[in-house]
Amino acid sequence: MTKQYKTLGEFIIENQDSFKYSSGELSRLLNGLRLAAKVVNHEVNKAGLVDILGEAGDTNIQGENQQKLDVLANEKFIQTLRKREIVCGIASEEEDDFISINSFDNNNQNKYVVLIDPLDGSSNIDVNVSVGTIFSIYRRVTPVGSPVTMDDFLQPGTKQIAAGYIVYGTSTMLVYTTGDGVNGFTLNPALGTFYLSHPGMKFPETGNIYSVNEGNYVHFPQGVKDYIKYCQKEEDDRPYTSRYIGSLVSDFHRNMIKGGIYMYPTSSKAPEGKLRLLYECNPMAFIAEQADGLASDGKQRIMEIDPKELHQRVPFFCGSKKMVEKAKEFMK
Ligand code: P6P
């Protein structure tokens, strides 16, 4: 008798009562993201065939227009969420402004806004390296029934009610939190079903992996340089291993399982850092803290930053508690 693993659908239903806002809407929202994840996974996995099927932007042998995958992923997530009548607004890395969603069937009673990076690290597709989707969910703060405003999106990360990512790797996983721990689900592509493969994910308190683009070393602030040299020093549990694949979701996921720290500091080339606060850093920070890790901009909790604009960038230090604390000591 093979062990029966719980499916994502069963898990969402079982846990919806524990979710204080639950009226089934969050479940429907998470199910929408689950569906979109499967569709995007299918497209990502056949991406390598684009050259045979036709270059992105051109038509393929079936005469269909090949879209860039991040544009396609963006459209799939927006389309799926729009249809589910739960979301009143969406902000995306691919969209300059937020999208207001009116649902006439329930005269605009939708309560949630979603912020999403539909395909993070998409430049890795051409070289067959893992990419990911990152999402962050809030309740709107303006009156239900009225059109969403920027205030509904510019909320601090501490107000998130759910966050997660999908990593399209050697297997496709959906990892998310609603504030009650972090759970990972692996897709069985043959069945199109996500199974609970990683219940209660936690960052090890410390680790020996540091993830940073060392090509930018000369541009980093002195404290970051000093921490990197600390990681490389022959002493105690060091030198650590350097692992950086240029895909935040994959580096984060590996570090959460094995222990490690991911860093995207400011540099003279990126004075605010590169990663976006609202749909990259805040959701990953929520997951990190729910997994007993930390996420900081080098000075304060990522989730306590008061957002000023939709595509705002922040420096990002995230992972095993003791490693982030040590990095912050060097940056004081
Ligand atoms: P760099 C991908 O573009 C991304 O947003 C993250 O997924 C990744 O960790 C980082 O940027 C890579 O940036 O400047 O090191 O190539």
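The values are calculated or read from the model by the stated rules, or taken from the named source; none is laboratory data. As the structure is a computational prediction, the values presented were derived from the model and not from experiment. In this analysis, Cβ positions are derived from the backbone assuming ideal geometry, glycine residues included, and neighbour counts consider all displayed protein chains. We work out accessible area using only protein heavy atoms, side chains counted, and drop any ligands, DNA or RNA first. Shrake-Rupley method; radii C 1.70, N 1.55, O 1.52, S 1.80 Å.
When the square roots of the Cα gyration tensor eigenvalues are ordered a ≥ b ≥ c, the ratio a/c for segment 285-332 is 1.5 or more and a/b does not exceed b/c, which makes its shape oblate. Say R0 is 22 Å: what FRET efficiency, to the nearest 0.05, do SER197 and VAL129 get from their beta-carbon distance? Taking R0 as 22 Å, the efficiency between SER197 and VAL129 is 0.50.
Axis of helix 25-45 versus longest Cα principal axis of the chain: the two differ by about 70°, to the nearest ten degrees.
Is segment 157-223 rounded, prolate or oblate when judged by the Cα gyration tensor, a ≥ b ≥ c being the square roots of its eigenvalues, rounded requiring a/c under 1.5 and prolate requiring a/b larger than b/c?
On the way: a/c = 2.35, a/b = 1.68, b/c = 1.40.
The shape class here is prolate.
Rounded to the nearest 10 degrees, what's the angle between the helix 69-83 long axis and the longest principal axis of the chain, both from Cα atoms, 0 to 90? For 69-83 against the chain, the angle is about 50 degrees. Once both axes come from the Cα atoms, what is the angle between helix 248-258 and the longest principal axis of the chain, in degrees from 0 to 90, rounded to 10? Rounded to the nearest ten degrees, it is 60.
Which of rounded, prolate, oblate describes the chain, given a ≥ b ≥ c as roots of the alpha-carbon gyration tensor eigenvalues and a/c under 1.5 marking rounded, otherwise prolate only if a/b is larger than b/c?
Numbers: a/c = 1.45, a/b = 1.31, b/c = 1.10.
Rounded, since a/c falls under 1.5.
Residues VAL87, VAL218, VAL44, ordered by accessible area of protein heavy atoms at a 1.4 angstrom probe radius and largest first, appear as VAL218, VAL44, VAL87.
Considering only protein heavy atoms and a 1.4 Å probe, what is the carbon-and-sulfur percentage of the accessible area of the chain? The computed percentage sits at 48. Hey, which lysines would be in cross-link range of LYS111, C-alpha to C-alpha under 16 Å, not counting anything within fewer than 8 residues on its own chain? Counting by Cα, and skipping residues close in sequence, LYS111 has these lysines nearby: LYS20, LYS83, LYS159. Between THR241 and ALA190, the contour length at 0.36 nm per residue exceeds the Cα-Cα span by 14.8 nm.
What does the accessible area per residue of segment 8-198 come to in Å², with a 1.4 Å probe and no ligands, DNA or RNA counted? Spell out each step's value before the answer.
Details: 8460 Å² over 191 residues.
That works out to 44 Å² per residue.
Taking every DSSP helix (H) stretch of at least 4 residues in the chain, weighting each as -39,500 (n - 2.57) and dividing the sum by the residue count yields a mean residue ellipticity at 222 nm of -8500 deg cm²/dmol. For the chain, relative contact order (Cα pairs under 8 Å, six or more residues apart, normalised by length) works out to 15 percent. The modelled label-to-label distance for the pair ARG28/LYS83, using points 7 Å beyond Cα in the direction of Cβ, is 1.4 nm. Counted residue by residue at 0.36 nm each, then reduced by the alpha carbon distance between them, the extension gain from ASN45 to ASP17 reaches 6.6 nm. Under 18 Å from the Cα of LYS76, which aspartates and glutamates turn up, not counting those fewer than eight places away in the same chain? The qualifying aspartates and glutamates are GLU43, GLU64, GLU85, GLU93, GLU94, GLU95, ASP96, ASP97, ASP117, ASP120. For the listed residue pairs LYS202/LYS229; LYS225/LYS321; LYS46/LYS225, the alpha carbons are over 29 angstrom apart in LYS46/LYS225. Potential lengthening of the chain between LYS229 and SER146 amounts to 24.6 nm, from the contour at 0.36 nm per residue minus the alpha-carbon distance.
Rolling a 1.4 Å probe over the protein heavy atoms gives segment 286-325 an accessible area of 39 Å² per residue. Normalised by the number of residues in segment 86-138, the average gap of Cα pairs under 8 Å and 6 or more apart makes the relative contact order 33 percent.
Packing order of peptides 237-243, 148-154, 314-320, 88-94, highest average first: 314-320, 88-94, 148-154, 237-243 (average count of other Cβ atoms within 10 Å over each peptide's residues).
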